[in-house]
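Student: Before I ask anything, let me first share the structure, which is written out below as structure tokens.
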Amino acid sequence: MENLKYPIGRFDALDQRWNLNKSENIKYIAQYPALISKAISNLDQDQMQTPYRLGGWTVTQLVHHIADSHMNAYIRFKLALTEISPTIKPYEEAEWAKLPDSNLELIGASLDLIKALHIKWAALMESMTDNQWTRKYQHPSDKSNIDLATVCKLYHWHSAHHLAHITRLIERENW
């Protein structure tokens, strides 16, 4: 039985799907805006308002979440590149998904944001030195230090994870 919450499994930095060379992970992140745009291109308003699972976010909320999450990731990259092991600011993802800017009318703005953000993020990562990939930030919830090479893998997974939410919903519903 398919795991609707984790259709491609939970993130594991050692999983060969994400444990690629940096250029492959960057390539996926760079092409992701086109993948997400294509996935939702034929969905109507009712389909966009459909949750990917019972109790899950709607397709609209997923797209807005991707924009929010990847903005945070990009900023965390820049913090780690400019500060010594900074402590990042977590945010309440579920609460952000309920805010008024996560509505269907603003879906185009989030798609545009994802596109622009991924252009900048990929350019930043492509310019990084080997030493910069070892830079870390600290997550305050568990005091973990995560290096940017692992963060890149994590966001390759995160992107594929939410794309799978959408594409598998489309397949299940025969849209």
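Student: Relative contact order for the stretch 22-173: what percent, with Cα pairs under 8 Å and sequence separation of 6 or more?
Tutor: For the stretch 22-173, the relative contact order is 37 percent.
Student: Taking a 24 Å limit on the Cα-Cα distance, which of the listed pairs Lys5/Lys38; Lys22/Lys78; Lys89/Lys153; Lys5/Lys120; Lys98/Lys120; Lys5/Lys136 fall beyond it?
Tutor: Result: Lys5/Lys120; Lys98/Lys120; Lys5/Lys136 exceed 24 Å.
Student: In degrees from 0 to 90, rounded to the nearest 10, what is the angle of the helix 59-82 Cα long axis to the longest principal axis of the chain?
Tutor: That works out to roughly 10 degrees.
Student: Nearest 10 degrees, 0 to 90: what angle lies between the long axis of helix 107-126 and the longest principal axis of the chain (Cα atoms)?
Tutor: Helix 107-126 and the main axis of the chain meet at about 20 degrees.
Student: Local charge sum around Val59 (other residues, Cβ-Cβ under 11 Å, Lys/Arg +1, Asp/Glu -1)?
Tutor: Computed value for this residue: -3.
Student: Among 57-65, 134-142, how do they line up from the highest to the lowest mean number of other beta-carbon atoms within 10 Å?
Tutor: Final packing ranking: 57-65, 134-142.
Student: Computed over the Cα atoms, what is the radius of gyration of the stretch 22-173 divided by 2.2 N^0.38 Å, N being its residue count?
Tutor: My calculation over the Cα atoms of the stretch 22-173 gives 1.07.
Student: Also: Spin-label point model (7 Å from Cα, Cβ direction): what's the Asn145 to Met71 distance in nm?
Tutor: 3.0 nm
Student: Using only Cα atoms, find the angle between the long axis of helix 148-173 and the longest principal axis of the chain, and express it within 0 to 90 degrees, rounded to the nearest 10.
Tutor: It works out to around 10 degrees.
Where a number appears in this text, it was derived from the coordinates with a stated rule and is not lab data. Not measured: the values here are computed from a predicted model. Note that each Cβ is placed from the backbone with ideal geometry, even for glycine, and that neighbours are counted across all protein chains shown.
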